[in-house]
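Here the structure comes first, spelled out in structure tokens, and everything after it is commentary.
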Amino acid sequence: MATTTMRRREFLAAMAAAPFLRAQGEARKPNILFILVDDLGYGDVGCFGQTKIATPNIDSMAAEGVRFTDSYAGSAICAPSRCALMTGMHSGHGRIRGNEHSPLTAADSTVAQLLRQEGYRTGLIGKWGIGDIGTQGMPNPQGVRRVLRVYRPDLRAHVLSAVDVEQYH
């Protein structure tokens, strides 16, 4: 199976352009699924040989031909890495450079905002980690419409709580 390497900026540009690349007469937009997992290594899922933790959904995708064999982290720690993924900026240019409370602002553009502008329904399941409650860095102002679970800054860094971000907007 041939593999193709794509830089992060190329990936984000392709995602932003995807709505314009439809086949003529095709009205449906492609589905886009971001999977971001902190501290997940290549060999930590079943399809690559790991046997201690079940990863049936990722294994099923791999069985259908979707294998993620190359990856890039924008930083060695989670918040700057998430900032790089969402804004397309490397950690030297991104607003968030550490795990301290320095949220995204209204001046930051995210891939979620671009997708919403093109009519996509956006959502988040899990930790956001790049904006505090009461700031423009929360998921909704950054283009994420619905949130199943979101990072709570009033709790320890990796404790999750079910929150609908609409109540903070």
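Just so it is clear, none of the values below were taken in a lab; they were calculated from the coordinates. The structure displayed is predicted, hence computed values, not measured ones. As a convention, Cβ positions derive from the backbone with ideal geometry for all residues, glycine included, and neighbour counts pool all protein chains shown.
So the values come out like this:
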item	result
Sparsely packed trypsin sites (Lys or Arg not before Pro) within the range 89-133, loop by DSSP, other Cβ within 10 Å at most 15	Arg97, Arg121
The range 26-87: projected area of the alpha-carbon convex hull, averaged over directions, in nm²	5.9
Low-density loop positions, chymotrypsin sites (Phe, Trp or Tyr not before Pro), the range 22-95 - DSSP coil, at most 13 other Cβ in 10 Å	Phe34, Tyr72
